Amino acid sequence: PCPRQVRSYYVDWRMLRDVKRRRMAYEYADERLRINAIRKNSILPKELQEVADKEIAALPQDSCPVRIRNRCVLTSRPRGVKRRWRLSRIVFRHFADHAQMSGVQRAMW
Amino acid sequence: TSSVLSKDKDKSAASKDGTPEGTAKRQKDGAETPKQQLLDIIGSMKVEVSYRKKLQQLKASENKQEGLGSKGSVPQGITEDIQRGKPLNPELVKAASAVASSLPRNKKQTESELLAQLRRHEETTDKQKKGEAINIRSVKVISEMTVKRQSPAQRGARISGRISLHFDEDGRRIRPERSAQSVDFRSLKVGKRLNIFTKTSTEPEHALKTVSSPTIWDLEFAKEIAAVTAQPPRNGFEEMIQWTKEGILWEFPIDNEVGMEDDAEFHEHIFLEKHLEGFPKGGPIHHFMELVICGLSKNPYLSVKQKVEHIEWFQKYFEDKKELLQEI
């Protein structure tokens, strides 16, 4: 008996893939940073930079942070997600109206 | 039993100096009517307490106060011995006289009393026919056992001594020093071992037991107990406590450095040039690495380990690319 919904799975497969991408990006973050430091450089010779380009392209595709999409945490909605709450606008409205969002109030001025 | 009774009765030995003197004299005469016998017994009971205390002091004084007026009073003691007609141990006599001289009141009386007690002690030891060593040992044992009993006697003397201090015009505090000394001469480790208890070596057994004990069954049992005793939280506070223990809730006031144990000093963060030794000097790589180090030194978010790893990665990378670099 729990007052909230119990979620033991990810909402859908897209959310799962997004989770995998985030984990991989975390793993390869340091390497990407360093190789990029070599690439975006005016001191080192260009040949070295080209080699670095090839290297970074050879890394797994899911390791780049650009592929991460900030989905809604509860519904996996890719659009209309507020970053602060990680929720889609519909879920946010639902909770705010039920007074389950702390410090959130209907605007009236 | 008589000695026990005497211990219970008496607290201060100094006040009893008058009576033992009389009893000693009576014993010298040897004429004992029943009344006198009774009086003697009572007197002897009273004296035994003081005797024991003095024996202790004696034994301590033998160690500590060697030259304290013993030489002056030795001839006195010897003459008294000759008067009494029984030979006593000269060392004991010396010690008795030293003790008597150290005590505050009635030095002669205390000395004579001490010597009388010594004589009686010798008589009793001869009667028992056990041999001196054992007797001394038993006396020592008893004297050591009666340490606690003597302290009230000593305390009485001390307090009376302190009262007399107030009247001291010089203001010299000799009395409390001596009383402090008289307290000190019993220590726990001094003295002969009695061998009453055999030394049992239980420590290695305990050590073995604790090492081999955490079996799976014990762990299961412990888990069961924890599960049974862990009642659900009755209120919000208990819930918060539980969450904090599990790690779900942070501890307040919030510590920004939880989990971050950076023991390194500031100079290890900033002066990173010593890690630059593996790189070829002169040339673009060196220039590049200097920039890297400059950036790292300004970085407050990384630990020293992480920074060192960063530099080492670059080192490895450039070593791998050495052939390529030499072509250039």
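Averaged over its residues, how many other protein chain Cβ atoms are within 10 Å of peptide A:41-49's Cβ atoms?
Mean partner shielding for this stretch: 5.
From Cα coordinates alone, what are the radius of gyration and Dmax values for region A:13-69 in angstrom?
For region A:13-69, the Cα-based Rg and Dmax read 13.3, 45 Å.
Other chains near A:26-32: what is the mean number of their Cβ atoms within 10 Å of each residue's Cβ? Please list the in-between numbers first.
Details: counts 0, 0, 0, 0, 4, 2, 0.
Taking all residues of A:26-32 together, the mean is 1.
Figure the gain on full extension for B:Thr229 and B:Glu257 (residue separation times 0.36 nm, minus the Cα-Cα span) and round it to one decimal in nm.
Values: separation 28, 0.36 × 28 = 10.08 nm, distance 3.36 nm.
Taking B:Thr229 through B:Glu257 to full extension adds about 6.7 nm, to one decimal.
If I model a spin label at B:His267 and B:Ile241 as a point 7 Å from the Cα along the Cα→Cβ vector, what separation in nanometres do I get?
For B:His267 paired with B:Ile241, the spin-label model returns 4.8 nm.
Give the average, rounded to an integer, of partner chain Cβ atoms located within 10 angstrom of each Cβ in B:247-259.
0
Take the Cα gyration tensor of chain A, multiply each eigenvalue by 5, square-root it, and list the three semi-axes largest first, rounded to whole angstrom.
41, 17, 10
Exactly which chymotrypsin sites (Phe, Trp or Tyr not before Pro) in region B:243-278 are in a DSSP loop and have at most 15 other Cβ atoms within 10 Å?
Of the chymotrypsin sites (Phe, Trp or Tyr not before Pro), the ones in loops of region B:243-278 whose Cβ has at most 15 other Cβ atoms within 10 Å are B:Trp250, B:Phe271.
Read-outs throughout are calculated quantities, based only on the coordinates presented, and are distinct from any laboratory measurement. All of these numbers come straight from a predicted model, not from anything done at the bench. Cβ sites come from the backbone with ideal geometry, for glycine too, and all protein chains shown count toward neighbours.
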